[in-house]
Amino acid sequence: MTHSTILNATHRELGARMVDFGGWDMPIHYGSQIEEHHAVRRDAGMFDVSHMTVVDLHGAGARDFLRRLVANDVGKLKKHGKALYTCMLNERGGIIDDLIIYFLGDEFFRLVVNAATRDKDLAWITAQAAAFDVRVSERRDLALIAVQGPNARERSIELLDPAERETARKLARFSAVDIGELFIARTGYTGEDGFEIVLPTGSAVAWWKRLQDAGVRPAGLGARDTLRLEAGLPLYGQDMDESTTPLESNLGWTVTLDGERDFIGRDALLAQQAAGVARQIIGLVLDERGVLRHGQAVRSAGGAGEVLSGSFSPTLGKSIALARVPAGETGDIVVDIRGRDCPVRVVKPPFVRDGQAAPGV
């Protein structure tokens, strides 16, 4: 069965091309993916990401539970509203999902997990929570709108009551605050500044239209994908999954191995770290004509690899990709594009920073 967000009819009224995304009927674009991409890089755009799953944890054991559940340490979260990006691992160290955790009180944490992994995530979280004093609640009553771009925050703030604007304006990066019926987080998945706004489903359509009237352009999942790739941000199911660990997915920074905290997957990561990580993710730029795509074969000095995420970059005007190859020196690299060996440059993601090519790209 295909699911629909509360904004589905609004997308159709705007002429969106709809596609199935992880079992959800979602807009891929509203006429021009390229123009939507540029709107976010240069001004302000918004995405319906209500297909993502909001999970609230309540109870005296919530913090201890999360210290066991995820690879990063929620013990770092001291200030109300502060967020933490991390991975939830299986016993082998494989990534079940990547997620954001918000600290909202000593006995209250909020999780936002991916849409395509919703069912397995909820099953895993619920099973692991059984040993702790914690209540797991999926918030199907909430929608989520991501407003992204250099002018995104100010466009959003101007729609708030005057007395609340300064609170939103002072919100630090990777933090969230409740303002009226809105849960406003200064987070995103585009490489741009902005807000991700969690709000009641009954208010989502009105807020979407208010944002559009304020000059925020609707954007589909196509632009969201090229934006996140330019920013070097991984996509679950394409750049990482249960067969890969954070250490071989450029996500070692999301793991806290110091101390004695016994999180799920810790022993596997320690063993991999001791043995040496065999694979790495690198950034590729194709300067000649052609498009890098998922699944294309990659050959490096260390051996064979493959393209994970690849696409034309609207900001750079050329093709870019994330690829997994053997660890160590790569040497000259070629990608097999329709039977033709195409030389590519190795760069360190992100590919785009502050709306233009990142240093070295």
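The values are calculated or read from the model by the stated rules, or taken from the named source; none is laboratory data. It should be emphasised that the depicted structure is a prediction, and the values quoted were computed from it without experimental measurement. Cβ atoms come from the backbone with ideal geometry, glycine included; neighbour counts cover every protein chain shown.
The strands (runs of 3 or more DSSP E) located wholly in region 70-172 that include 2 or more residues which are in the same structural domain as His58 (by TED's automatic domain parsing), surrounded by fewer than 19 Cβ atoms within 10 Å (Cβ to Cβ) and touching a strand residue (DSSP E or B) at 6+ places or on another chain (Cβ under 6 Å) occupy 135-138. Exactly one of these conditions fails for Gly15: (1) surrounded by 18 or more Cβ atoms within 10 Å (Cβ to Cβ); (2) more than 17 Å from the chain's Cα centre (by Cα). Give me its number. All conditions pass for Gly15, except number (1).
Yes/no matrix, rows are residues, columns are (1) closer than 19 Å to Gly202 by Cα; (2) of a type in the set (A, V, I, L, M):
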site: Arg17; (1), (2): no, no
site: Val55; (1), (2): yes, yes
site: His58; (1), (2): no, no
site: Val74; (1), (2): no, yes
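Figure legend. Inter-residue proximity from region 157-184: first residues without any contact (Cβ under 8 Å) to a residue 40 or more places away in the chain, second residues surrounded by 16 or more Cβ atoms within 10 Å (Cβ to Cβ) and aromatic (Phe, Trp, Tyr), beta-carbon distance below 7 Å, spacing 6+ or different chains. Indicated pairs: Ile184/Phe195.
The listed residues are Arg266, Arg299, Arg345, Arg340, and the only one of them that is out of contact with any helix residue (DSSP H, G or I) (no Cβ under 9 Å at 6 or more places or on another chain), crowded, with 19+ Cβ neighbours inside 10 Å and of a type in the set (D, E, K, R) turns out to be Arg266. Contact map, region 334-349: residues that are in contact (Cβ under 8 Å) with a residue 12 or more places away in the chain paired with residues that are surrounded by fewer than 14 Cβ atoms within 10 Å (Cβ to Cβ), Cβ distance under 6 Å, separation 6+ or inter-chain. Pairs shown: Val334/Asp341; Val334/Pro343; Val347/Gly360. In a helix (DSSP H, G or I) and of a type outside the set (A, V, I, L, M, F, W, C) - does that describe any residue in region 276-297? The answer is no; no qualifying residue exists. State yes or no: is Arg279 at pLDDT 95 or above and touching a helix residue (DSSP H, G or I) at 6+ places or on another chain (Cβ under 6 Å)? Criteria met by Arg279. Within region 239-256, does at least one residue satisfy the condition of being closer than 27 Å to Glu192 by Cα, touching a Ser or Thr at 6+ places or on another chain (Cβ under 9 Å), in a strand (DSSP E or B) and assigned by TED's automatic domain parsing to the domain that holds Ala16? Among the residues of region 239-256, at least one is closer than 27 Å to Glu192 by Cα, touching a Ser or Thr at 6+ places or on another chain (Cβ under 9 Å), in a strand (DSSP E or B) and assigned by TED's automatic domain parsing to the domain that holds Ala16, which makes the answer yes. Does any residue of region 181-192 turn out to be of a type in the set (Gly, Ala, Ser), in contact with a helix residue (DSSP H, G or I) (Cβ under 9 Å, 6 or more places away or on another chain) and assigned to a helix (DSSP H, G or I)? No, region 181-192 has no match at all.
Scanning region 193-214 for residues that are within 16 Å of Glu158 (Cβ to Cβ), outside any helix (DSSP H, G or I) and touching a strand residue (DSSP E or B) at 6+ places or on another chain (Cβ under 6 Å) turns up Gly194, Phe195, Ile197.
Of the residues examined, Ala231 is one that is within 13 Å of the chain's Cα centre (by Cα), assigned by TED's automatic domain parsing to the domain that holds Tyr30 and within 16 Å of Ser313 (Cβ to Cβ).
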